[in-house]
Structures are given as structure tokens and as C-alpha cells.
1. Need pairs with beta-carbon distance below 7 Å; first residue open to solvent by 40 Å² or more (accessible area, probe 1.4 Å) and within region 457-474, second of a type in the set (S, T, N, Q) and part of a helix (DSSP H, G or I); sequence gap 6+ or separate chains.
2. List the residue pairs whose Cβ atoms are under 7 Å apart, where the first residue sits in region 361-379 and is within 18 Å of Ile406 (Cβ to Cβ), the second is of a type in the set (Phe, Trp, Tyr) and open to solvent by less than 40 Å² (accessible area, probe 1.4 Å), and the two are 6 or more positions apart or on different chains.
3. Can you tell me which residue in region 45-64 is farthest from Ile140 (Cα to Cα), limited to those that are open to solvent by less than 20 Å² (accessible area, probe 1.4 Å) and either assigned to a helix (DSSP H, G or I) or modelled with pLDDT under 75 (or both)?
4. Where the second residue is of a type outside the set (A, V, I, L, M) and open to solvent by less than 50 Å² (accessible area, probe 1.4 Å) and the first is in contact (Cβ under 8 Å) with a residue 40 or more places away in the chain and lies in region 99-111, which pairs have Cβ atoms under 9 Å and are six or more apart or on separate chains?
5. What strands (runs of 3 or more DSSP E) lie completely within region 274-373 and have 2 or more residues being surrounded by fewer than 19 Cβ atoms within 10 Å (Cβ to Cβ) and touching a strand residue (DSSP E or B) at 6+ places or on another chain (Cβ under 9 Å)?
6. All but one of (1) buried (at least 18 other Cβ atoms within 10 Å of the Cβ); (2) modelled with pLDDT under 80; (3) among the aliphatic types (A, V, I, L, M) hold for Met265; which doesn't?
7. State whether one or more residues within region 336-350 are within 17 Å of the chain's Cα centre (by Cα) and at pLDDT 85 or above.
8. Checking Ser240 against (1) modelled with pLDDT of 90 or more; (2) outside any helix (DSSP H, G or I), which single condition isn't satisfied?
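The values are calculated or read from the model by the stated rules, or taken from the named source; none is laboratory data. As the structure is a prediction and not an experimental result, all values here were calculated from the model. Note that we place each Cβ from the backbone using ideal geometry, even for glycine, and neighbour counts take in every protein chain shown. These accessible areas exclude ligands, DNA and RNA; they are computed on the full protein's heavy atoms, side chains included. Shrake-Rupley method; radii C 1.70, N 1.55, O 1.52, S 1.80 Å.
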Amino acid sequence: MTSDEDFIIQLALDKGVIKQAQLAAARERIAQHTDLTTAPPKILDLLYAEKIIEPAQISKVLADEFGMHTVDLNMVRTPSELISVLPRTLAARYLVFPISKEGNVLRLAISDPLDVSALDDLGHVLKLTLEPCVAPAEDIRQAIERFYGKDAASIEQLLNNFSASEGLDSATAAAPGTSNEGDAPIIKLVHAVILEAIQRRASDIHLEPLEKRFRVRYRVDGVLLEVENPPKRLQPAILSRLKIMANISIAEKRIPQDGRIQVNMGGKSLDLRVSSLPTAHGESIVMRILDKEGLQLGLPELGFFSDDQAIMERLISLPDGIMLVTGPTGSGKTTTLYSCLHFINKPDRKIITVEDPVEYQLGGINQVPVRHDVGMTFASALRAMLRQAPNIVMVGEIRDLETAEIAINASLTGHMVFSTLHTNDAPGAVTRLIDIGVKPFLVSTSLRAAMAQRLVRKVCKQCKKPYTPAPTELRALNITPQQAAAANFMKGAGCPNCNGTGYRGRYGIFEVFVINEELQRMIYENAGTSKLRDKARSLGMRTMREDGIRKVVNGATTIEEVVSITVGDAN
């Protein structure tokens, strides 16, 4: 053991964090290490690995000893300005992470208060007064990776290229057709930003011009994560390069534009749907990353339990009628619909979709894009599609009475119609259709089911561990003591696999509203949403919150996720 380790172990003993017998047993195991090809483990590493002590406990002991505070880096949201104050190279070399800055004082997380020389060196290099807090070393490593990014060093190097090239003309740096286009640093920077987003499993890339900076954020598992920002002066060049890649006009900066970029990564083709929007400080660009492999998920991968899966398989295999998927933007409606189409896509069935725009291109399915400029609306496309004698029709969204009436007429003439609506819950789809002008008797006759959904984050499989929720958490979801006793509550500790968040990936929680004869009669009589909802629940419909509770009890997600997503579904 090093002298520092001796000191830390003695502190842990004095504070009662570890018992003498546990320490003696650990030393005995190290003494029995016989593999000559590997060094024996350090005693602290062994104690951590065997869960005898937690790194956070040692951080607390050290902080108390040196009169410092501890910090939970999983709860820290570091402003992007601080990332530029403390470069990644220094953060990684000294294993520190910036938390906040007030005036000339930089507050940062350290793992080893005993390393006084490191703080002296940093303070000298940064020319700042440092206020250290203590955090576990692994938490600091994860925070560096999370905020600086896996490829942040290469991006930082690219940005340094610009700093060294004061005479760079940003307007020409992104101009196509130049002889050194492939070598232009601006192009490499744009490619690095896209590559990093894909590696982080981001669903969107947001490039947002603000008054004094150019912000870049990735949306990972539904949560926006800010990364290192390019200098504000590179904003025009970066935006121009992306517009060129998306094949939209770089001269037009007054109106919104849409385009598409295709990229290949590791033999996998990805589409980036690009949207530009003029703002007060320049054009904001959002790129949505579309992965076709995500559409070939089975119903269990979407989050259906076996009982709801059986209901869905029966509904989507019906010969006629309308099946609606409802929820706000970003709730996974498109993925669910395409997974349903993938399930029923057989050689003996003709499937046609009309979408605005066609987000994913799937084999064996005829997909029609909406084009308002030439009069190809949802309604006109749907009329033409019906003359193609399809078995199954998917309408991207029912937005108006004309589209709704054609879809309903199609369902009444032997077609199965899938579509989406923007409503808060499943029974609300009935009211929405009637509100836009569809007669109640047509809704009751054609609607087979409506399903509302939201997305919750999954607990990371690599770092999940059992935990006991506090009574207040259980009350938030009305989880009974009987349910809690039989539950398998899980929470992610945070690891490199999940970027320290404790979550990796998302799936749905669902509310399946199946129409039977009683509900048909109530719809015909123009019953309100609350009455339809009460009746459906009496017939066995689970709300999204109740489905979320099942997934919490099963250890698939957490109470916090379900509470935040289903805040309006408390009853």
C-alpha cells in the first residue's frame, strides 16, 4: 500500500466506514494472489470491487477530513463556457471536472485532496483561484466523457486549427467545389460533430445561434445534453456546410427550409432529416437522426408486456377499421406504427403509406410523400391510394376533416387504416375526431382501437442495482405495500455504458383503448372523454401510469421517469 492509501484506509477505519475484520480479510485475499503475470490488486480497488465500501463513502471521509464539500456529478449540469475554461486535456490529466465559476473562483470536483501539487499546477496554468469539492474518481471520468464527449479531443484539436488560422475566411471554408474541400477543417469539424452524435446514440443534433455563442446539443434518450461549443465566428461556415450537405439553399436565410443528409457509419446507412429556422441571431438547425434498424423492432422491444402484445397483435391483424396511435411529438408514434407494419408486412398484402415527409424507407411497402407545392396533400394522396387496391393504408397524421373522412370511408370499404393523432390519452382520440367534424356514428362504426403512448428511459443493464424507494416515492405512484413487497425496484448507478446517467435506451408505456359494443354505443351517443375513459377502465383498460407502474415494479424503469412522463395521468 502507498502512504496515501494507508492514510485513506486509516481514515475509513476511524470513521467506521470499514471494520478491521473486513480489512484483514481483504489483505489476506491480496496476499493469496499467485498469478505472476498480473500485479496484485490495490486494497482500495479490491474493497470497491467487492462492494465492501462505496467510492462515495471514501469521498465523504476525505471531504470531512479536509473541510471540503462532496458533489454528486450526476446532478451537475455544467455550462458550456466552463468546458472552454478547463480544456479536456487538463481535466483528464489531473482528473478534475469544472462545476461552476464566479468571478475569479473556479469550483471543481477532485478525487484526491492529498494531491496538493496538482491543484497548485492547475491554479497556476488557469490563473484562477480553485475551490475544490470531492467526488469519486470514476464519477469524474464519466463526467469528462459525458460533457466533453468521446471524441472531444479530436474536435478540440479541430477547433485549435481554427485558432491557429486567424486569416481563415469562414465563408469560403464551407464553399463546395474547391480543390481542398475534403481537407477543409470546417468540413472535418462538421463531420466530427455528426459522428460524435451517432456514437452517443443521439436522436437529434441541435445547433442554436445565441447572442454571444453558438450552442451545440445532442438529444440522448429524450434528454438534451450540451457539448463543447464551436466559436461564434464559425457559425456561418458551419451552417452553410450543413445546408450544402442537406441540398438546401445557402442564399435563403429568411424562411424555414427542410432537407436530408445520408451518412454511412460502420456499413450502416443513416438518414439525417435537416430543418433550418431563421432566428434573431442566425439560422437554427436541427438534424433528426433516423435509424432504419429501430423500425424492425418486435412488439416486446417496444415495451409491450405479453398481455398488451397479444391485444396489439390481434388489433393490427384485423381486416378493416381504423387503428390510431396518439401522443405528443417525440413520443415514438412513428416507430410504433412502422413496427406494426413490419409485423404484418407479408407478400400477400399490399401496404401503402402517405407521409409528410417519408421518414424511413422500408422494403415491400409503397410510400407516398406529401407535396403541398403540387397539391399532393394527405387527402388527395389518400384518394389516389385507394384506387391502387391496398389491403392496409397508413396515413402519417389525421389533421383535418377531409383526411379523416376519406380514412374512415376507406376503413368502411374493407381497408385497415393506421394513423396518428395528437391527443393526451387514448379515449381523447374519439373526441378529437368529432371535434374536427367527423360524425359520431362514423367514428363508432370505423374505430377499432386507439393507443396512447409515452417514452420512458430504461435502467442501464450494466450498472443497475436493487434499491429501496422512499415512502414519498411510493406514494407518488400510489404503489401499495403489497406491490412494493413483491417488487424488483432497480436504479442505475451510472457507468460509461450510459454516460453516467443510469439510463440507456427508451421504450414505451401504453394505454390501449379497445372499442367494444358498449363503447360503440356511447360514442354514437356522443359521450364525453371522461365517461369513455371511466367505462374503458371498468372494462379493464390500464392507463399509461398503471402500465408505467408495472414496468417500475419489474425493474425496467424508475419511479422518477414514470412520474415525470405521466404527471397528468394521476387518476
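1. Close Cβ pairs (under 7 Å, with a partner that is of a type in the set (S, T, N, Q) and part of a helix (DSSP H, G or I)) amount to Gln462/Asn497.
2. Val370/Phe378
3. Leu47
4. Here the result reads Ser111/Pro55; Ser111/Ser59; Ser111/Pro136; Ser111/Asp139, each pair linking region 99-111 to a residue that is of a type outside the set (A, V, I, L, M) and open to solvent by less than 50 Å² (accessible area, probe 1.4 Å).
5. Per the criteria, 282-290, 366-369.
6. (1)
7. Yes: one or more hits.
8. Every condition holds for Ser240 apart from (2).
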